[in-house]
1. For SER408, state whether it is open to solvent by less than 10 Å² (accessible area, probe 1.4 Å) and in contact with a strand residue (DSSP E or B) (Cβ under 9 Å, 6 or more places away or on another chain).
2. Looking at the stretch 696-710, is at least one residue aromatic (Phe, Trp, Tyr) and touching a Pro at 6+ places or on another chain (Cβ under 8 Å)?
3. In the stretch 608-625, what residues are open to solvent by 20 Å² or more (accessible area, probe 1.4 Å) and in contact (Cβ under 8 Å) with a residue 12 or more places away in the chain?
4. Within the set of pairs 6+ apart or on separate chains, which have a first residue in the stretch 49-61 that is touching a residue at least 40 places away in the same chain (Cβ under 8 Å), a second that is among the basic types (Lys, Arg), and C-beta atoms under 6 Å apart?
5. Within the stretch 265-320, track down each residue that is in contact (Cβ under 8 Å) with a residue 40 or more places away in the chain and among the hydroxyl-bearing types (Ser, Thr, Tyr).
6. From TYR383, TYR399, TYR422, which residue is assigned to a loop (DSSP other than H, G, I, E, B), under 30 Å from PHE340 (Cβ atoms) and hydroxyl-bearing (Ser, Thr, Tyr)?
7. Within the stretch 713-727, track down each residue that is in a loop (DSSP other than H, G, I, E, B) and in contact with a Lys or Arg (Cβ under 9 Å, 6 or more places away or on another chain).
Amino acid sequence: MSKEKHTGRLKFSGNVKRTLCGLCPAHCGLLVEVADGRAVRFGGDPDNPVNAGRLCPKASATIELHQHPDRVNHVLKRVGKRGEGKWQEIGWEQAMDEIAAKLADIREREGPEALATLGGTQHARDWAGWRFISQWGTPNFINCGRNCGTGSMITECAMYGWDTVTSSFVPGVTQCLVMWGANFAEGNPMGWRPLCKAVEAGEMKLIVIDPRRTKSAEIADLHLAVKPRTDGALGLGMIRVIIEEQLYDREFVENWCTGFDEVRQIAAQWTPQRTSEITGIPPELIVAAARMYATSSPARLSFGVSTSQIGEGAARSALLCQAILRAITGNLDVPGGEPFDDQPYENLAYWNLLDFTQLIDNPARTRDNVNADDIGIASVQGYAAFRQAMGGLKPDGHYAAQYMLFTSQPHLYRAILDGDPYPVRALIVQNGEPMVNYGGSRLAYDAFTSDELELLVVMDHWQTPTAQLADYILPAADFLERPELSMRWGFTRFFSVGQQCVEPRYERHDDYDLWAGLGRRLLDPQEWPEKVEEMLDRFLAPSGRSHREWAEGESNYYIPQNRTFRKYREHGFATASGKVELIPDFLRRFGIDPRPVYTGPPYAMPDVDDESYYPLQMLTGSRVLEFMGSTMRQSRKMLARHPEPLVEIHPDTAAAYGIADGDWVEISRPEGAIRQRASVTDAIRPETINLAGYWWEPNRGAGPDLSGVWEANGNAITPYDPKLSSFVGDQPLRGLRCRIARADAPAR
């Protein structure tokens, strides 16, 4: 690295390292100045294509979090009861020996499937955990992609053989962006500035579909404030307009789609007036949005987590309608629309080293995951069926195949507690806080404190609520302390590389060290080199350059240059029929209605017994710039910007319940009650409230209240009945029934 480097207003000199920010999945480029072995300054890398030198507010906490006094710095072994807070410091190798011995004993008695893993976001080296479970033989694993991309991935692959989840609008090419259940202003800050420029210049139309008037909605041409859980009805209403007015791509539909006539018949019932009555959106807005989207080509209907999180019935109809809209408008695999990044890897051995085929064929595995009987499409048998359906065109299947395999959380917790369908005895949690980030926190707590769970290992930066219940807490290195290789979970062939900036402090370890340590003790040691750099070199071997050569080279990223579009014209789509199946027969194989019929409220299964007692609907939290899920809460800088959990309430709703701005509010459901402070605003629909998401208070320290996990955490009152989950097992987190009341401030 050159001795002098400029980034924004900063001028670096001396020892400058080039790495990747690990505070969110974007992995923006970062320059870090190191003096005397310590990181002293940092700024955005102007040469990085993700952020071009810009950084979001989270990055400002980089050194603060690296040096934070509350970091886990040593291995802690529980010596009291779970949650009692009594620990003994032991060495890393001793911990690996003891954990490996316990896992070997459980495997001998219960089989490899008795181990489950829960992963989080950035630092977890997901690929290492997934390599381990595939070789070990357990199909029970989860990461933050569950309740996120699983619904979209499975729906899109069933309909047209690939996904568009990580596609992006292209300034100057994309003519219309539909932001459905997403908010770039808070959740995609690197995409926000080019989006604003494109909209302000009149280069691109923007439609935002969201119950809230977000910052994104404020700059939109159209904002459709949809009633929660009625997205499927809105989708059908838009499809009807597009078909009735013949705005669909007739040539594409006739040549490349099946099931169009059935879609037409189903959508015909959804007049603008009927759609309006269900969704709460004025009829003229529904028509205007359909026309704008269909007549602006190419157009992008962006991925958003919201439609995956609206639960039984509602999610299926919404996701199917979104995929149908992408298809019938002719936007699939076109530049600026919905391109498929489905070409084989050329410079990265990602699939060779991760291949989930091992999980299908592993002779040690005799059982599918714990939700397979109820949710077969998200299981090993489901993944094998996808491989077969896609095999004619994509023999390797999808490279982000984990989304077809993730286990359902409620099923996992039931397996721990009740042994149904078989016992799960060991759980390894790595950079994931399941009691805050996932739904059904109370069932998770019961599982984690159960005597039926023989081993709970947590590797993290912090003593999270789940870590406070663990048998072992392992200290994780942060992104300044480890070499980086961002492979983006198999969604794209783009990758980027980062240098290790400083040596790990105290006894912090790379997350890879956990899986490699267990792998060398319990599996084939040749598969698990001692140093992570050696493993990263294996991934990069097809490029002809080592990790160090990439990290220290002129360019530390790879952008595929051979992008091609409309590939279906040559070989069709990766479905059994070779066409876009608007009514995907693949879903029917797993007992799922493949028709885009609306089954949301009032027809879906109710999530409470008495809807009159719980008259409002709640959203369990939206992205904010300062936090990434449950992380970043330790930062004084971020807390200064966002110090309290704020629940958004419309003025009419607040007045009806005698609540003023700034009052504390109790939000209750059958699962319990939490308290947040009222933010009275007309930016939220009446009779809908939006909670501050993923809230806990680590600055209280560890203790019996698990750092306030029950006080303001929205997932403490989300349901855990798996029957309420979506057709792929995603939990119901949005549109849930609730009631509110003015409350006293919580005791501190």
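1. Numbers: open to solvent by less than 10 Å² (accessible area, probe 1.4 Å): yes; in contact with a strand residue (DSSP E or B) (Cβ under 9 Å, 6 or more places away or on another chain): yes.
Considered against the rule, which asks whether it is open to solvent by less than 10 Å² (accessible area, probe 1.4 Å) and in contact with a strand residue (DSSP E or B) (Cβ under 9 Å, 6 or more places away or on another chain), SER408 comes out as yes.
2. Quick first cut of the stretch 696-710, residues aromatic (Phe, Trp, Tyr) only: 696, 710.
Now narrow it down to the ones that are touching a Pro at 6+ places or on another chain (Cβ under 8 Å): 696.
Yes; the residues of the stretch 696-710 include at least one that is aromatic (Phe, Trp, Tyr) and touching a Pro at 6+ places or on another chain (Cβ under 8 Å).
3. Step one: of the stretch 608-625, the residues open to solvent by 20 Å² or more (accessible area, probe 1.4 Å) are 609-615, 622-625.
Scanning the stretch 608-625 gives ASP609, GLU611, TYR613, TYR614, PRO615, SER622, ARG623, VAL624, LEU625.
4. SER60/LYS637; ALA61/LYS637
5. THR275, THR279, TYR293, THR295, SER296, SER297, SER302, SER306, THR307, SER308, SER317
6. Values: TYR383 fails: assigned to a loop (DSSP other than H, G, I, E, B); TYR422 fails: under 30 Å from PHE340 (Cβ atoms).
The conditions single out TYR399.
7. Going residue by residue through the stretch 713-727, those that are in a loop (DSSP other than H, G, I, E, B) are 713, 718-721, 725-727.
Selection gives THR718, PRO719, TYR720, SER726, PHE727.
Table: residues versus (1) crowded, with 21+ Cβ neighbours inside 10 Å; (2) in a helix (DSSP H, G or I).
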| position | (1), (2) |
| --- | --- |
| LEU236 | yes, yes |
| ASP261 | no, yes |
| ARG264 | no, yes |
| GLU284 | no, yes |
| ALA289 | yes, yes |
| SER306 | yes, yes |
| GLY311 | yes, no |
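The values are calculated or read from the model by the stated rules, or taken from the named source; none is laboratory data. Keep in mind that what you see is a predicted model, and the values were worked out from it rather than measured. Glycine gets a Cβ as well: all are built from the backbone with ideal geometry, and neighbour counts include every protein chain shown. Just the protein is used for accessible areas: all its heavy atoms, side chains included, with ligands, DNA and RNA removed. Shrake-Rupley method; radii C 1.70, N 1.55, O 1.52, S 1.80 Å.
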